[in-house]
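So the structure is just underneath, and the comments pick up after that.
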Amino acid sequence: MKIYADNAATTKMSENAINAMLPYMREVFGNPSSLYEIGQKAKEALEDSRRRAAAVLNCDAKEIYFTSGGSEADNQAIISAARIGEKKGKKHIISTTFEHHAVLHTLKKLEKEGFEIELLDVHSSGVVTAEQVGKAIREDTALVTIMYANNEIGTVQPIREIGEVCREKNVLFHTDAVQAIGHVPVDVKNDNIDMLSLSAHKFHGPRGVGILYAKKGIILTNIIEGGAQERGKRAGTENLAGIEGMVTALEDATKDIQGYANKLIPLRDKLIAGLEEIPYSELNGDRAKRVPGTVNFCFEGIEGESLLLLLDDKGISASSGSACTSGSLDPSHVLLAIGRPHEVAHGSLRLSISEDITEEEIEYLIKSVKEVVDYLRNMSPFWRDLVNGKRPHVFKA
Ligand SMILES: *Cc1c(COP(=O)(O)O)cnc(C)c1O
């Protein structure tokens, strides 16, 4: 059996998205800035896609900026808010300890420039509260940036309430919604969002294309200088085929969120229940406040890397920590942020399933993880120390 259970890293493109792209490579290949017919046709398609994306997010087409993906959108949102803030003498930014590195590393850069970065605790639940945000906001707060759903553990933040607090206190609010779009309902008006990032390849669209939504009146700072594309805020000839694929995937992924949840949540919960039978293991993050497809566990006495290799032998593609951190020996900053000690943070497994998974495949996942964990523990001297009482257990049996 082959199971791709790493949809939080990237997804397989949908046939609809692929088909939506082809005409913009084969026929309407013109540059949208050119005045002749295939240029103008490309321009029309581009603006039509902008309107379609705006309809999904519930905003105006003028508030949609096409980018190269989630990382660029995060960078541009945060840098723009910082520049707006510093003009008014505001140099305090609020975020959380478990953001994606596209956010955390941009904040680090601003810190070196003299911004004060305050990272809120996300507790063992992996959920920050609007009350925490309210308490942290000061006169000189330039921005609150908090992710909608976490990429490693899948927990969903109370974005509407956080947005409400920011509105009341007149502070800009950005959310990295890369892991939320297509998984939970997202509506920038209803959710009180000023800026939002999304990325096509996380919802069955193509790699290398995304959106930054910025509410009317927010003046963006260019990250990429050059031509006057995207109303002068993002230079570079538009990735039209990518944009067409993205918007088609975006419409498909958001048209029946309830149906998606109804189908996937019972399967996800079956997976959680199955993995919880493994002794000395724990689910990471709140049980209910999570996207329908992401499950992350820590197992005592296990190395995440070996777990992945053995699962790969069984045809299962999964992840330990995020793709960006695997390859480094540091444990995931997300697992440390929710209070996992180093030794169990190293033994983590993320399974992110997609809508097409079957009950039989869920059973195979559970059986395979159980076998591999057992096998690895039996060869581990570290595990023997735990069993012999030479080291204390972190989790219950
Ligand atoms: C994948 C991801 C990103 C980065 O998006 P890219 O399009 O790959 O640059 C940013 N934030 C989160 C939460 C992600 O999961």
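Each value in this text was obtained by applying a stated rule to the coordinates, not by laboratory testing. What you see is a predicted model, and the numbers here were worked out from it, not measured in a lab. Here Cβ is always computed from backbone atoms with ideal geometry, including for glycine, and neighbour counts include all displayed protein chains.
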- Message: Is there a quick way to get the dipole size of segment 152-287? I mean about its Cα centre, with the Cβ of Lys and Arg at +1 and of Asp and Glu at -1; what is the value in debye to the nearest 20?
- Response: 400
- Using only Cα atoms, tell me the angle between helix 257-276 and the longest principal axis of the chain; keep it within 0 to 90° and round to the nearest 10. 20
- Query: So how far, in whole Å, is the C-alpha centre of segment 280-300 from the one of segment 107-127?
  - Reply: 23
- With springs connecting C-alpha atoms under 10 Å apart, model the chain as a Gaussian network and identify which of Thr145, Thr175, Thr106 has the largest mean-square fluctuation. Thr106
- Task: Return an integer: the convex hull volume of the alpha-carbon atoms of the chain, in Å³ per residue.
- Result: 139
- Item | Within segment 15-254: Cβ-based charge dipole about Cα centre, in debye rounded to nearest 20 (Lys, Arg +1; Asp, Glu -1) | 580
- Query: For segment 40-85, treating each Cα as an identical point scatterer without solvent, what Debye log10 I(q)/I(0) comes out at q = 0.17, 0.21, 0.29 1/Å?
  - Reply: -0.61, -0.81, -1.00
- Proxy reagent accessibility, fewest Cβ within 10 Å first, across Asp74, Asp48, Asp252: Asp48, Asp252, Asp74
- Message: Exceeding 23 Å between C-alpha atoms, which entries from my cross-link table qualify? They are Lys108/Lys202; Lys88/Lys112; Lys87/Lys109; Lys112/Lys289; Lys112/Lys189; Lys112/Lys215.
- Response: Lys108/Lys202; Lys112/Lys289; Lys112/Lys189; Lys112/Lys215
- Item | Residue exposure sequence - Leu308, Leu198 - by fewest surrounding Cβ within 10 Å | Leu308, Leu198
- Mind checking the alpha-carbon convex hull of segment 256-387 and giving the volume per residue in Å³? 110
- What is the helix-to-structure angle for 70-87, meaning the angle in degrees between its Cα long axis and the longest Cα principal axis of the chain, kept from 0 to 90 and rounded to the nearest 10? 60
- Note on the structure: When the charge dipole of the chain is computed with +1 on Lys and Arg Cβ and -1 on Asp and Glu Cβ about the Cα centre, the Cα farthest towards its positive end, among Ala45, Pro381, Ile362, belongs to Ala45
- Considering the alpha-carbon set of segment 81-134 alone, what are its Rg and its Dmax in angstrom? 12.1, 37
- Message: Can you compute the helix-only [θ] at 222 nm over the chain? Use -39500 (n - 2.57) per DSSP H run of at least 4 residues, normalise by all residues, nearest 500 deg cm²/dmol.
- Response: -12500 deg cm²/dmol
- Message: Less than 11 Å Cβ to Cβ from Thr67, Lys/Arg counted +1 and Asp/Glu -1: what total charge do the surrounding residues give?
- Response: -2
- Message: If you split all Cα-Cα distances of segment 1-95 into 10 Å bins from zero, what percentages do you get per bin, shortest first?
- Response: 12, 26, 33, 19, 9, 0
- Which of Glu303, Glu164, Glu139 moves the most in a Gaussian network model of the chain with Cα springs under 10 Å? Glu139
- Candidate cut points under trypsin sites (Lys or Arg not before Pro) in segment 65-124, DSSP loop plus at most 14 other Cβ atoms within 10 Å of their own Cβ, are Lys88
- Message: How long are the semi-axes of the equivalent ellipsoid of segment 242-331, taking √(5λ) for every eigenvalue λ of the Cα gyration tensor, in whole Å from largest down?
- Response: 28, 20, 12
- The helix 37-57 Cα axis meets the longest alpha-carbon principal axis of the chain at an angle in degrees, between 0 and 90 and rounded to 10, of 50
- Item | Listed residue (His174, Ser332, Gly217) projecting farthest to the positive dipole end of the chain, Cβ model | Gly217
